[in-house]
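Asker: Just passing along the structure, written as structure tokens.
Nothing in this text is a laboratory measurement; each read-out follows from the coordinates by a stated rule. Since this is a predicted model, take the numbers as computed values, not measurements. With ideal geometry, Cβ positions are generated from the backbone for all residues, glycine too; neighbour counts draw on all protein chains shown.
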Amino acid sequence: MIYDIFTPSQELTRIVKQYVVINSLDGVESLLFLPNGCNFIVFNRGIEGYTKIYNEDNYFSIPKNYSISVKTNKVKKFVCNNKESYKDVTFPVILAELTPIGYYQLFNKEASALNSSYKELEPEIIDKYFKELYTHNTVKDELQYLNKSLESIYTEQDSPHLTIYDVIDKIVNSYHFEVTVESLTREFGCSRSTLERQFKKVVGLTPKNFIFVAKFCQTVLAYIEDECTFKDLEYLYSDNSHMNSVFKKFLGVSPSVILNEVASKKIQIYQMQKIKD
């Protein structure tokens, strides 16, 4: 899959992680999406296929209309129904990758509802906020339109500041994922049941699952992209054996095998794509 990554407006940084502009589905079979607590708004234009859990038989059909993608703690890949369907897709196709709290903040709906399937956007939301998408002359204009549309949705929700955002920030930026649920409950003065309930509601994952998948994602990127050795990794596992077992749980193979498959382009990692200037 050939795609470019763009940053959202400053007003959306807590809601939208980045925009993905797909220009071709060639090679999509080799692309893997690592779990990181995020998911997408898919502004479909003829893609027919499904999201499949890597090394499993579970899959989730992609609606033909605009939708919110499934959110799981598994590695996923995109599968087209057949290559003949490529010719029916109008490019570019735009996706908005949401932050872990983005779906809840935009739509005031529990993120746990996304654990089992895609959710189509309601026709009234599409008509009110997105009816002029794909009518502009340039990608830049399309993304400016999306920025304004998503800012409007967010503003109209009058979403309050979320403590969960502060918890996530602590996990990622202060503790670098070396934290337990118990230490978070002490720091933020809440019970484990309250923290878990809020995470399921706002993020769609338990805090333990979020720490686990986000740490794995960052470790993969550091290991492959920055060519870090185990001792160099910022997001440390207890030892090499522990890291190997985590990689095998998610990908079915050891870190060295994944490194070689990425180097030989048998596998591409979505999160390794750089922001386009």
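Asker: How high is the relative contact order of the chain, given as a whole-number percent (alpha carbon pairs under 8 Å, six or more residues apart)?
Answerer: With pairs under 8 Å counted, the relative contact order is 23 percent.
Asker: Please give the charge dipole size of region 134-277, origin at the Cα centre, charges +1 on K and R Cβ atoms and -1 on D and E Cβ atoms. Round to the nearest 20 debye.
Answerer: Computed charge dipole of region 134-277: roughly 540 debye.
Asker: Label region 1-92 by shape, choosing from rounded, prolate and oblate, from the square roots a ≥ b ≥ c of the eigenvalues of the Cα gyration tensor; if a/c is under 1.5 it is rounded, and otherwise prolate applies when a/b is larger than b/c, oblate when it is not.
Answerer: Here region 1-92 falls in the oblate category.
Asker: Can you give me the Kirkwood hydrodynamic radius for the chain, using every pair of distinct Cα atoms, in Å to one decimal?
Answerer: Radius from the Kirkwood sum: 19.6 Å.
Asker: Please identify the trypsin sites (Lys or Arg not before Pro) of region 185-277 that satisfy two criteria: DSSP loop assignment and at most 12 other Cβ atoms within 10 Å. Which are they?
Answerer: Hits after loop and neighbour filter: LYS265, LYS266, LYS274.
Asker: If you take the square roots of the eigenvalues of the alpha-carbon gyration tensor of region 188-277 and sort them as a ≥ b ≥ c, do you get rounded (a/c under 1.5), prolate (a/b over b/c) or oblate?
Answerer: Here region 188-277 falls in the prolate category.
Asker: Residue farthest toward the positive end of the dipole of the chain, with Cβ of Lys/Arg at +1 and Asp/Glu at -1: which of ILE47, SER238, ILE22?
Answerer: Selected residue: SER238.
Asker: According to the square roots a ≥ b ≥ c of the eigenvalues of the Cα gyration tensor, what is the shape class of region 49-185, taking rounded for a/c under 1.5, prolate for a/b larger than b/c otherwise, and oblate for the remainder?
Answerer: oblate
Asker: Taking the Cα centre as origin and putting +1 on Lys and Arg beta-carbons and -1 on Asp and Glu beta-carbons, what dipole magnitude results for region 192-265, to the nearest 20 debye?
Answerer: Computed charge dipole of region 192-265: roughly 620 debye.
Asker: Compute the distribution of all C-alpha to C-alpha distances in region 49-116, in bins of 10 Å from 0, and list the percent of pairs in each, rounded to whole numbers.
Answerer: Each 10 Å bin holds this share of Cα pairs: 17, 47, 30, 6.
Asker: Which of the helices in the chain, when you take each full DSSP H run, stretch at least 24 Å along the axis at their Cα atoms and have an average Kyte-Doolittle score of -0.5 or higher?
Answerer: Result, helices passing both filters: 207-224.
Asker: When the helix-only estimate is applied to the chain (DSSP H runs of n ≥ 4, each -39,500 (n - 2.57), divided by the residue count), what is the mean residue ellipticity at 222 nm, nearest 500 deg cm²/dmol?
Answerer: After summing the helix terms and dividing by residue count, I get -10000 deg cm²/dmol.
Asker: Another question, if that's okay. Count charges around TYR129 for me, please; just the other residues with Cβ under 14 Å from its Cβ, Lys/Arg as +1, Asp/Glu as -1.
Answerer: -4
Asker: Which of ILE68, ILE94, ILE153 moves the most in a Gaussian network model of the chain with Cα springs under 10 Å?
Answerer: ILE153
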